[in-house]
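Let me begin by presenting the structure, written as structure tokens, before commenting on it.
The values are calculated or read from the model by the stated rules, or taken from the named source; none is laboratory data. These numbers come from a predicted model, not from an experiment. A quick note on method: Cβ atoms are made from the backbone with ideal geometry, for glycine too, and the neighbour counts reach across all protein chains shown. Remember, those area values only see protein heavy atoms, side chains included, never the ligands or the DNA or RNA. Shrake-Rupley method; radii C 1.70, N 1.55, O 1.52, S 1.80 Å.
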Amino acid sequence: MTGPQMERTLIIIKPDAVQRNLLGEIVHRFERKGLKIEGLKMTRLDDQILDEHYAHHKDKTFFESLKKSMKSSPVIVAVLSGINAVQACRVIVGPTYGVEAGAGSIRGDFSMSIQANLVHASDSKKTADEEIKRFFKSEELFEYIRIDFEHVYGEEDRSP
Ligand code: CMP
């Protein structure tokens, strides 16, 4: 990663998105926005990683149901980078409840549910750093220059 405010964030494309054949659509949206894919893999989540990932929800009534849904099929985990990538991805994904999410966001366009909301996106830079370590080994992440960098960002964005 180079330059100020360059961030990495973690995305999980959840089992409901896998089952509904939305993988390509979802990856495409992040790619088109200008986010760089630095890591991407299919994996199956188990109780150990979900207990850690959703520790802040462990006392919620939906915790067991959430874990069951996250284990119901493989997921895609991805690391995306860009200037202010955490915020950019949260906007693309939309608010938790699909019905309340604005049209144009992934959840707004494809989700009718609060649990089956298709994608998880890190909620802060600090959380993103923790989540990336949780799901990726350093050798699974790739740094490279995307040839459209100078067109995705203006000169001011690149050197504030
Ligand atoms: P996510 O962004 O992965 O973070 C926590 C997840 O818990 C959330 O998306 C939803 O999938 C799920 N979730 C949040 N609130 C509820 C709820 N009230 N009932 C069921 N699942 C929920």
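For region 82-94, the candidate set comprises residues that are open to solvent by less than 70 Å² (accessible area, probe 1.4 Å) and of a type outside the set (A, V, I, L, M, F, W, C); within that set, the residue that is farthest from GLN5 (Cα to Cα) is GLY94. Within region 14-49, the set of residues being within 11 Å of the ligand (Cβ to nearest atom) and in contact with a Leu (Cβ under 8 Å, 6 or more places away or on another chain) comprises LYS14, ASP16. Taken over region 1-46, residues that are on the phi > 0 side of the Ramachandran plot and open to solvent by less than 40 Å² (accessible area, probe 1.4 Å) amount to 1. Limited to region 124-156, what total is found for residues that are open to solvent by less than 90 Å² (accessible area, probe 1.4 Å) and of a type in the set (S, T, N, Q)? Final tally of qualifying residues: 2. Among the residues of region 62-83, those identified as hydrophobic (A, V, I, L, M, F, W, C), out of contact with any Phe, Trp or Tyr (no Cβ under 8 Å at 6 or more places or on another chain) and more than 10 Å from the ligand (Cβ to nearest atom) are VAL75, ILE76.
Okay, residues lined up against (1) of a type in the set (A, V, I, L, M); (2) within 16 Å of the ligand (Cβ to nearest atom):
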| residue | (1), (2) |
| --- | --- |
| TYR97 | no, yes |
| SER105 | no, yes |
| ALA116 | yes, yes |
| HIS120 | no, yes |
| ASP123 | no, yes |
| GLU131 | no, yes |
| PHE135 | no, yes |
| SER138 | no, no |
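Pairs are defined by a Cβ separation below 8 Å, a sequence spacing of at least 6 or placement on different chains, a first member in region 86-101 that is under 11 Å from ALA121 (Cβ atoms) and β-branched (Val, Ile, Thr), and a second member that is within 12 Å of the ligand (Cβ to nearest atom) and assigned to a helix (DSSP H, G or I); the pairs so defined are ILE92/ILE106; VAL93/ILE106; VAL93/ARG107; THR96/ARG107. In region 58-74, the residues that are over 15 Å from GLN48 (Cβ atoms) reach residues that are more than 8 Å from the ligand (Cβ to nearest atom) and among the aliphatic types (A, V, I, L, M) with C-beta atoms within less than 6 angstrom, at least six apart or across chains, in these pairs: SER73/VAL18; PRO74/MET42.
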